[in-house]
Amino acid sequence: MTPVLELRDVTFRRNGKQIINGISLTVQAGEHWALLGPNGAGKSTLLGFCAAVTFPTTGAVSILGSQMGHTDLAALRRSIGHVNPRHRLQYSLTVREVVLTGITATIDLPTRWTPSPAESERAAAMIAAVGMTRKTDDVWPTLSQGERGRALIARALVSEPDLLLLDEPTTGLDVAAREQLLETIDTLDRTHPDVASILVTHHLEELPTTTTHALLIADGRTVASGPARETISTDNVTTAFAHPIAVGYDESRWTARAKANAIDV
């Protein structure tokens, strides 16, 4: 089976500084990966490879069997859905219009463009899938941060991608909105079972219950990679964050706290 995504020994240097140093990752259809690490670990750079927007200095990136540098990137990116909570709009679009921009791969709706009946139907289906039907005609500035997050998931899915990237999707949410958004992400395992996903965060509490695998990085290097239950461990998280962290797991959710003896009183 051809992997949805494959990074092979990728490196990245910027202004003489090594940002990524020899990381490999293989993601299969239906797998849900967590990309974990402290601030400055290289998560955003690595996600740029996965989104086909950043080229590695060395190594290779293949998405759906097409290698970056040897394929049409614009066509490749249409197979990738990207959820960024810092999504910026120039105009006050409705939820429906925001979702439709996922088809055109633009920030705003192109002038003189009208969605086909099939595209309109697909947008409505995605809005319903994230529980936003009653908000379809609400404009972006009136939405809560959590509602915006769910709308952006619908926007990412409307183009029927094979790979979904979630870049710290719960940023700025209170605990109730965070849980609602995570519930939405968890439903994708049922509504879009073949879609692979990568969720970036540095908070274990923000991992969906459907997380199947994890890649922990620090200082641009792999700390651990593999099935989530084995990889997201006290030892690995402590190593990645360079601080004694006790990791808990209960009812398919993770927790993290400083070990009791981590701070001398």
>> Out of the residues in segment 5-20 meeting the condition of being closer than 16 Å to Ser44 by Cβ and under 21 Å from the mean Cα position of the chain (by Cα), tell me which one is surrounded by the most Cβ atoms within 10 Å (Cβ to Cβ).
In response: Ile20
> Take the residues of segment 213-233 that are within 14 Å of Tyr249 (Cβ to Cβ) and under 17 Å from the mean Cα position of the chain (by Cα): which is surrounded by the fewest Cβ atoms within 10 Å (Cβ to Cβ)?
Replying inline: Ala228
>> Quick test for you: out of Gly48, Gly69, Gly65, Gly59, pick the one residue that is without any contact (Cβ under 8 Å) to a residue 60 or more places away in the chain, of a type outside the set (Asp, Glu) and exposed (fewer than 15 other Cβ atoms within 10 Å of the Cβ).
In response: Gly69
> Scanning for something in a loop (DSSP other than H, G, I, E, B), at pLDDT below 90 and among the hydroxyl-bearing types (Ser, Thr, Tyr), does segment 57-70 turn up at least one residue?
Replying inline: no
> Which one is nearest to Thr211 (Cα to Cα), of the residues in segment 238-257 that are touching a helix residue (DSSP H, G or I) at 6+ places or on another chain (Cβ under 7 Å) and of a type in the set (A, V, I, L, M, F, W, C)?
Replying inline: Trp254
> When you go through Leu166, Leu157, Leu143 one by one, which is the residue that is within 14 Å of Gly131 (Cβ to Cβ), of a type in the set (A, V, I, L, M, F, W, C) and under 13 Å from the mean Cα position of the chain (by Cα)?
Replying inline: Leu157
> Can you pull out the residues in segment 121-135 that are closer than 22 Å to His82 by Cβ and surrounded by fewer than 19 Cβ atoms within 10 Å (Cβ to Cβ)?
Replying inline: Ala124, Ala125, Ala128, Gly131
> Has segment 10-24 got any residue that is in contact with a helix residue (DSSP H, G or I) (Cβ under 7 Å, 6 or more places away or on another chain), under 29 Å from Thr191 (Cβ atoms) and in the same structural domain as Arg190 (by TED's automatic domain parsing)?
Replying inline: no
>> I'd like the residue in segment 172-229 that is in a helix (DSSP H, G or I), free of Cβ contacts under 8 Å to residues at least 40 places away in the same chain and small (Gly, Ala, Ser) and, out of all such residues, is nearest to Thr57 (Cα to Cα).
In response: Ala177
>> Let me spell it out: the conditions are (1) in a loop (DSSP other than H, G, I, E, B); (2) under 27 Å from His203 (Cβ atoms); (3) at pLDDT 90 or above, and His87 meets all of them except one. Which number is the exception?
In response: (3)
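The values are calculated or read from the model by the stated rules, or taken from the named source; none is laboratory data. Just so it is clear, the model here is predicted, and its values are computed rather than measured. When we count neighbours, we look across all protein chains shown, and the Cβ atoms used for this are built from the backbone with ideal geometry, even at glycine.
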